[in-house]
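To start, the structure itself, in structure tokens.
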Amino acid sequence: RSFPIHSTSTTNTKSREENKKTLESLYRLSVDINKIRRVKEWVLLQDVAYVKEIAGILQEMGADETTVANILERYPEAVLHTPAAINSQRALWQLVCQNEKQLIKLIEQFPESFFTTEYHENQKANILFFQELGLKNNIITRFLTSAPSIFYNPVEKNKNVIETLQRNYLSLGGSDANMRIWILKLLSQNPFILLNTSTAIQENLEFLQKNDFTDHEVLQLLSKLKGFIFQLTPATMQKSMLFSKSVFECSDQELKQLVLKCPALLYYSVPVLEERLEGLLKEGISVAQIRETPMVLELTTQIVQYRIKKLSALGYDIKSGTLESLNGTKKDFEVSYGKIQSKKERPIFNPVAPINIED
């Protein structure tokens, strides 16, 4: 077959042609070459590619023709890796995958995570470390696909962060018996905690203690914030707290209680809090109402507007009532909405009351 030859200018202005052998191999696999040209044409310019070999490995694992084409269209760089590197990666992921059917499904959904082979040794050491720690394989596969960067760290770095968390958990009054469960839960909720440094973790915890949060309250905040507190800095937390103190006109002690009730006041930046507060005030909600139910600030302005509109359609006046009905997850809101709806639809007379004949 003859293929139209495309050329492009590389950074050194040297004109290069697409690799005809690569094009032919991709064509035979029914890969949409134009899709690759639009997004990552540079892959087609490489002198060496392992299209047949990589497709063969994927087929060995059970991928059909459509799946192979889909993977190579989504992540064409896959063909630039040597078969040896991909087989090593395959063996590595098999440590945590139930079978090759699950592995192929993961590769199709997250090809970039699988084909990032540069950190193979770190990935392997970290997988073994997480298994030793007690993380289940299904959690580790979730990490590999949704938070692959935590596997690029040298294992010593991740161990260091875990040890810092364990040390602080115990010093804040946590028990030895619960420590392992606490660490595993924290990691499952937020694996990106491992991208922080031990120093940053220490500084954030010290900031809370300096602001008169008791050890028990700090532990409470860590659990409520699912470890996201470590992605903040003392400076950003300070700004958010000062903003809330000014808006709600409260004392330090009252502010502390508000933060414990709604950790979002600590977690969200001032611009985010400002925007959400403004959105609520525009709907006619008072600062006093927000102070009573600060958790409403965890919701985006769009969600708040949508929920107010739905409640208003039922004749529920949010301005005079409590904000509790706005709160919570989508499921929580649907339950509250359902209760208000059924109350509205309930007959105003008692259907079992005796009928007055004279009426």
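Here the stretch 130-147 is the region considered, the condition is being under 27 Å from ASP64 (Cα atoms) and open to solvent by 70 Å² or more (accessible area, probe 1.4 Å), and the residue that is nearest to the chain's Cα centre (by Cα) is ARG142. Applying a threshold of 8 Å to beta carbon distances and a minimum spacing of six or more residues, or different chains, the list of pairs starting in the stretch 57-74 at a residue that is surrounded by fewer than 17 Cβ atoms within 10 Å (Cβ to Cβ) and ending at one that is of a type in the set (S, T, N, Q) reads GLU65/SER30; THR66/SER30. Does ILE33 count as touching a helix residue (DSSP H, G or I) at 6+ places or on another chain (Cβ under 8 Å) and more than 19 Å from PHE110 (Cβ to Cβ)? For ILE33, the condition - touching a helix residue (DSSP H, G or I) at 6+ places or on another chain (Cβ under 8 Å) and more than 19 Å from PHE110 (Cβ to Cβ) - is met. Selection over the stretch 101-129 of residues that are in a loop (DSSP other than H, G, I, E, B), open to solvent by 70 Å² or more (accessible area, probe 1.4 Å) and closer than 13 Å to ILE150 by Cα gives a count of 1. The requirement of being over 18 Å from the mean Cα position of the chain (by Cα) and exposed (fewer than 14 other Cβ atoms within 10 Å of the Cβ) is not satisfied by LYS159. Can you pull out every residue in the stretch 38-56 that is open to solvent by 30 Å² or more (accessible area, probe 1.4 Å), in contact with a helix residue (DSSP H, G or I) (Cβ under 7 Å, 6 or more places away or on another chain) and not in a loop (DSSP other than H, G, I, E, B)? Those that are open to solvent by 30 Å² or more (accessible area, probe 1.4 Å), in contact with a helix residue (DSSP H, G or I) (Cβ under 7 Å, 6 or more places away or on another chain) and not in a loop (DSSP other than H, G, I, E, B): LYS40, LYS52, GLU53. In the set GLY227, GLY174, which member is open to solvent by 10 Å² or more (accessible area, probe 1.4 Å) and either at pLDDT below 90 or more than 22 Å from LYS157 (Cα to Cα) (or both)? Of GLY227, GLY174, the one residue that is open to solvent by 10 Å² or more (accessible area, probe 1.4 Å) and either at pLDDT below 90 or more than 22 Å from LYS157 (Cα to Cα) (or both) is GLY174. Could you pull out every one of the helices (runs of 4 or more DSSP H) wholly within the stretch 236-350 that has 3 or more residues that are open to solvent by less than 20 Å² (accessible area, probe 1.4 Å)? Per the criteria, 252-261, 264-267, 270-282, 301-313.
The values are calculated or read from the model by the stated rules, or taken from the named source; none is laboratory data. Bear in mind the structure is a predicted one, so any value in this text is a computation, not a measurement. So basically every Cβ, Gly included, is an ideal-geometry build from the backbone, and we count neighbours across all protein chains shown. These accessible areas exclude ligands, DNA and RNA; they are computed on the full protein's heavy atoms, side chains included. Shrake-Rupley method; radii C 1.70, N 1.55, O 1.52, S 1.80 Å.
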